[in-house]
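Undergrad: I'd like to ask you about the structure that follows.
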Amino acid sequence: MVKSATTAAGPLEAPPTPAPPTAGWVSAGRQLRRIMERREIAIFLVAILLFLYFSISTTAFATYDNFVTLTQFLAPIAAIGAAEAVVLTTGEVDLSSGTAFIFFPFVVYYLWANAGVPLVLAILISLVCAAGFGLINGLLTTLLNLPSFVTTLGTLFALDGVMLVTSNGVQETLSFSGTGGSILGGYSWSEILWALVCVVAIYYWLHHSRFGSHVVATGGNLVGAAEAGVPVRRVKIWCFVMIAVVSAFIGIIDAARITTLDPGNDGTQEMFYAIAAAIIGGTAMTGGRGTIIGAAVGSVVLGILFDGLYIKGINAYYFQLVLGIAILGAMIANVQLRRAAVRRWKSIRR
Amino acid sequence: MSVTEHAGAAPAQSAPADSVLRVEHVSKTFGAVVALRDVNLYVKPGEVLGLVGDNGAGKSTLCKIICGFHQPDSGRILVEGKEVHFRSVQDARRHGIDTVYQDLALVPQLPIYANLYLGREETLGGPLRLLARSRMRRVAEDYLRAIKVQVPSVNADVETLSGGQRQAVAVARATRSQVKVLLLDEPLAAMGARESALIIDLIKDLAAKGQSMIVIDHNYTHLFQLCDRLAILQEGVITFDRLVADTSLHELTEYMVSEYRRQVDTGRVERADGSGRH
């Protein structure tokens, strides 16, 4: 699982070059400093520490079977978390992403199982509906000048309502068979691989495309970006469309694995985990600063915590309490490590 | 040329035919407040015009009309002799009028080169529109060197820069594309002596290259160093418009003081000791 996270983490993989005993110290130090400067490094260290802790203190953690479980748990958090990191970077937030994650598999079910639409087409239509849902979020937020916290809170409940009405609150079974089913979610590793595809795509979108530059500008200086000719409203709208589609997509993959659709889940837990992953990864809630690698590593931290605490057999009543404190601890450690690194870097520069 | 009389007598007919920008009989009111009254102004090619005025004199309103943010109630604006109607800031920019605002409109979290290209980023082509970073970096480096702006590295985030460096980056962004008239809104505000010197040098360099500019400031000692001509805006009216070579800091100070006295005598401004009240 750490393997998958570091693949997303790209540049972090390169360790500081081992210093030769004499002359190499200076350049190794500089390289280490450059790595320490990266926003994601602290959460990456937290992930490694947690991984080592659970690997040493339990026998069941570092096993193949557990890694499968772990990646399946963190895959949706990674994909939606990366998308939330983009939305947060524009200075907005999407509270309805988890509900989209739960609801749009239902659309596939209605089309494919009830109406007999071919599977691929059913999935495509479902994703187009998700894009429409994101468009509504974006238009409400930008055209009415409402805080996205409010608009997406409203659409969260509305979409949950649509799900309850259309499903009559009844659980459904969505089971794909054959190769298509394996590719979608049947194969043990397919969910994390699809999540990885999402994360890598979003990474390039935010950090290497013209659009990503506009996302940072929109969140960093809304008025200034608009004055410079950045179409700030369109940027925000596209971000809401993107997160809705990503959430729906990974939701369909997740449903294909679990094969059960549960309208009783409103998806808020998934949404909160995703936002938590983005923020503990180093994305600012105030906008202008986002890191996709950080969000991916943040989801790994949440996954390890959740899974590790479960394996350690923490009493069910204490579980949430311990998890909450651990998330707080991870977040504080992230901030403190980062501050220490920056302080040190500044003192060296002087 | 004598100091023109009050009430908008600054002669529009004196605007030379080759003016790159002409503002003719422009008025603007906001509700009951008259912000500008029959304002006439021109900028010749390569000229640096200083626009002075107290707070509330109408400087920013005039600036915002020229840069397309506000539309005038009456009067017209001509760019290179052709009448234009700016509907937006972008519209004005397309006509070659660009502005460096006091807030600079930079994104602190983006590197310098990305800020120079903000809104006009170069891409590698193709549907993904990935950024052509190395090309933008190279061009940004070359351009900043050409206009003698010193920054640690074009990769540095703008938030790590000093106020003067940020101002320089903002000016560089505005001048990077061919701009006919550059408006600088208080480019020296809240800046230390060294930082001011940096910006003054930059403006002088641009002027030497033939860039037409309008520099807005409270402080006319700065403007004396920078400008070819000075215009004073008082209560929405241009009351003084002269070549710097034809006037002196002393004369200008006298003018401002006498104007202030006149306002005190007519009861429009309170004396510092409050005696103007009765």
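Readers should treat all values here as calculations from the given coordinates under stated rules, not as data from a laboratory. Here the structure is a predicted model, which means the values were calculated and not measured. Note: ideal-geometry Cβ built from the backbone for every residue, glycine included; neighbour counts use all protein chains shown.
Undergrad: Sorting B:Glu47, A:Glu92, A:Glu172 on the 10 Å Cβ count, fewest up front, what's the list?
TA: Lowest count first: A:Glu172, B:Glu47, A:Glu92.
Undergrad: Using the basic label-point model (7 angstrom from Cα toward the beta carbon), what is the B:Glu159 to B:Val264 distance in nanometres?
TA: 4.8
Undergrad: Could you give the spread of the C-alpha atoms of the protein assembly as shown along their three principal axes, from largest to smallest, in whole angstroms?
TA: Computed over the protein assembly as shown, the largest-to-smallest principal extents equal 92, 70, 55 Å.
Undergrad: Rounded to the nearest 5, what % of DSSP beta bridges with both residues in the protein assembly as shown are antiparallel?
TA: Around 60 percent antiparallel, to the nearest 5.
Undergrad: Using a Förster radius of 45 Å, what is the FRET efficiency between B:His218 and B:Arg87 based on their Cβ-Cβ separation? Nearest 0.05, please.
TA: Here the calculated transfer efficiency is 0.90.
Undergrad: Per q in 0.08, 0.10, 0.13 Å⁻¹, report the Debye log10 I(q)/I(0) for chain B, using one uniform scatterer on each alpha carbon and no solvent.
TA: Debye curve over Cα of chain B, log10 I(q)/I(0) at q = 0.08, 0.10, 0.13 Å⁻¹: -0.37, -0.56, -0.90.
Undergrad: Taking a ≥ b ≥ c as the square roots of the eigenvalues of the Cα gyration tensor of region B:55-211, is the shape rounded (a/c under 1.5), prolate (a/b larger than b/c) or oblate?
TA: oblate
Undergrad: Restricting to chain B, what percent of DSSP beta bridges are antiparallel, rounded to 5?
TA: In chain B, approximately 55 percent of DSSP beta bridges are antiparallel ones.
Undergrad: Right, something else. Considering only the other residues whose Cβ falls under 15 Å of the Cβ of B:Glu251, what net charge follows from Lys and Arg at +1 and Asp and Glu at -1?
TA: Once all neighbours under 15 Å are counted, the net charge is -2.
Undergrad: Over all alpha-carbon pairs in region A:287-339, figure out the percentage whose distance exceeds 19 Å.
TA: Cα-Cα pairs in region A:287-339 separated by more than 19 Å: 35 percent.
Undergrad: What is the local net charge at B:Ala207, summed over the other residues whose Cβ is closer than 10 Å to its Cβ (Lys, Arg +1; Asp, Glu -1)?
TA: Net charge in that neighbourhood comes out at -1.
Undergrad: Please give me the summed charge of the neighbours of B:Val33: other residues whose Cβ is under 14 Å from its Cβ, Lys and Arg +1, Asp and Glu -1.
TA: In short, 0.
Undergrad: Hey, if you drop one equal point scatterer on each alpha-carbon of region B:107-177 and run the Debye formula without solvent, what base-10 log of I(q)/I(0) do you get at q = 0.12 Å⁻¹?
TA: Values returned for q = 0.12 Å⁻¹ are -0.29.
Undergrad: Related question: If each DSSP helix of 4+ residues adds -39,500 (n - 2.57) and the sum is divided by the residues in the protein assembly as shown, what number results at 222 nm, nearest 500 deg cm²/dmol?
TA: -18000 deg cm²/dmol
Undergrad: I would also like to ask the following. I need A:Val197, A:Val241 ordered by Cβ neighbour count within 10 Å, fewest first.
TA: Lowest to highest Cβ neighbour count: A:Val197, A:Val241.
Undergrad: Determine the shape class of region A:80-236: with a ≥ b ≥ c the square roots of the Cα gyration tensor eigenvalues, call it rounded for a/c under 1.5, and otherwise prolate if a/b is greater than b/c, oblate otherwise.
TA: Oblate shape, in that a/c is at least 1.5 and b/c is the bigger or equal ratio.
Undergrad: Once the Cα atoms of helix B:163-176 and of chain B are each reduced to a long axis, what angle between those two axes, in degrees from 0 to 90 to the nearest 10, is obtained?
TA: 80
Undergrad: With a 10 Å radius around each residue's Cβ, average the other Cβ atoms per peptide and rank B:38-45, A:62-69, highest first.
TA: For the peptides B:38-45, A:62-69, the packing ranking is B:38-45, A:62-69.
Undergrad: Fewest to most neighbouring Cβ within 10 Å: what's the order for A:Leu127, A:Leu52?
TA: Taking fewest neighbouring Cβ atoms as first place, the list is A:Leu52, A:Leu127.
Undergrad: Other chains' Cβ within 10 Å of B:127-138 residues: what's the mean?
TA: 3
Undergrad: Across the residues of A:213-221, average count of Cβ atoms on other protein chains within 10 Å?
TA: Mean number of neighbouring Cβ atoms from other chains: 6.
Undergrad: Once you order the gyration tensor axes a ≥ b ≥ c over the Cα atoms, which shape class does region A:254-327 get: rounded for a/c under 1.5, otherwise prolate or oblate by comparing a/b with b/c?
TA: oblate
Undergrad: Shielding by partners for B:88-97, please: the mean number of other protein chain Cβ atoms within 10 Å of each residue's Cβ.
TA: 1
Undergrad: Which residue fluctuates the most in chain B, going by a Gaussian network model with Cα springs under 10 Å, if the choices are B:Ala197, B:Ala92, B:Ala170?
TA: B:Ala197
Undergrad: Taking 8 Å as the Cα distance limit and 6 or more residues as the minimum spacing, I'd like the relative contact order of chain B as a percentage.
TA: Answer for chain B is 26 percent.
Undergrad: Sticking with this one: Can you list the lysines whose alpha carbon sits under 23 Å from that of B:Lys180, skipping same-chain ones fewer than 8 residues off?
TA: B:Lys44, B:Lys59, B:Lys64, B:Lys82, B:Lys148, B:Lys204, B:Lys209
Undergrad: Next up: Helix A:148-167: angle to the longest alpha-carbon principal axis of chain A, degrees 0 to 90, nearest 10?
TA: The answer is roughly 40 degrees.
Undergrad: Any number yet on Rg/Rh for region A:41-349, C-alpha, Kirkwood?
TA: 0.98
Undergrad: Using a basic spin-label model with each label point 7 Å from the Cα along Cα→Cβ, how many nm lie between A:Ala158 and B:Asp54?
TA: That separation, rounded to one decimal, is 5.3 nm.
Undergrad: Quick check: the angle from helix B:249-265's long axis to the longest principal axis of chain B, C-alpha only, nearest 10 degrees?
TA: So the inclination is approximately 50 degrees.
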